[in-house]
1. Picking from Pro197, Pro169, Pro155, which is most flexible by a Gaussian network model of the chain using Cα springs under 10 Å?
2. Please report Asp179, Asp56, Asp213 as a ranked list, fewest other C-beta atoms within 10 angstrom at the top and most at the bottom.
3. Greater than 27 Å separation of Cα atoms is the criterion. Which listed pairs, Lys107/Lys170; Lys105/Lys189; Lys189/Lys226; Lys135/Lys226, meet it?
4. Can you spot the lysines whose alpha carbon is less than 23 Å from Lys36's alpha carbon? Ignore those fewer than 8 places along the same chain.
5. Sum -39500 (n - 2.57) across every DSSP H segment of at least 4 residues in the chain, then divide by the residue count to get the 222 nm mean residue ellipticity, nearest 500.
6. Given +1 on the Cβ of Lys and Arg, -1 on the Cβ of Asp and Glu, and no further charges, what dipole in debye does the chain carry about its Cα centre, rounded to the nearest 20?
7. Using the count of nearby Cβ atoms within 10 Å as a rough guide to exposure, how do Trp29, Trp211 rank from fewest to most?
8. Among the aspartates and glutamates, which have Cα under 18 Å from the Cα of Lys75 when same-chain residues fewer than 8 positions away are ignored?
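Read-outs throughout are calculated quantities, based only on the coordinates presented, and are distinct from any laboratory measurement. For clarity, every value in this text was computed on a predicted model and none was experimentally measured. Please note: Cβ atoms are built from the backbone with ideal geometry, for glycine as well, and neighbour counts cover all protein chains shown.
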Amino acid sequence: MGKGKTVKKYMCTVIAVLFTLVYLFPLYWMVITSFKTKEEIFSAKPTFWPKSFSLDAYITQFTVHDGISMFSYLKNSVIIAVGATIISTTLAMFAAYGLARYRMKHKRIMILILTVTQMLPMVMFLAPMLQTFNKLGITGSYASVILFDALFSIPMSIIILRPYFTAIPKALEEAAIVDGCNRFNCFFKVILPNAYPGIFACASFAFMSAWGDLMASMTFLTDGDKLPMTVMMYKSMGRYGVNWNSLMATATMVIIPIIILFLLMRKSLVSGLTSGSVKG
């Protein structure tokens, strides 16, 4: 019996490693291709490690294209991602707390609607939101993309946070209120500290979603000075044509912040997602 469990565990480990390699190989190929020369990329025999490392593709990214520098694209991505993260996480905290603590009619239907919205493709919301932003007069500004990315992330953030708030004993709030704390202070001083893993998971999800968004920026932004790095990568496909090393260098720079964020905060992120899935 013990031997059978060992073999099963070994097989599961092997399968997990194989799946990991399959998912990581495109990322690995992208990075090493960015360091290859054009001649090596188009050689008849593919190489899994650059024969000679070349930084020409990265140097190209720091030159000005169409009057816009790479740092301008980076600044725009940071503004959009941070703005969407703050709005999405803040609104989701209050909404999730309300769904967790207060009785209301059709609560299950509301939660079902939130879940269904995550199954719908983002492109379905572009046309109606474009019309709405046009009437509000914010099309072409950072606000249009920030609001769209934030609104798209809020349902998932509520789904993640609600179990955290449900699992927090009401006795903690009652004790704080007895000690003279009002509802507002109780929420920030008692509830949120106990739900910080879920809050961090929501913030990370919103940031990564906004950072990697392309469709909203292409739809709502018309000024080239406000375009993010994902649009820079999209333009590179047309600008460089078959210059795959330059294209892969652009893609590598786009994903570097996300990889750094995940490596630094992976424990809190995993804890936030897994704990919220079993609470409540």
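1. Pro169
2. Asp179, Asp56, Asp213
3. Lys105/Lys189; Lys189/Lys226
4. By straight Cα distance, Lys36 reaches Lys45, Lys51, Lys235.
5. One gets -24500 deg cm²/dmol as the mean residue ellipticity at 222 nm.
6. Here the size comes out at about 1200 debye.
7. Lowest to highest Cβ neighbour count: Trp29, Trp211.
8. Asp66, Asp149, Asp213, Asp223, Asp225
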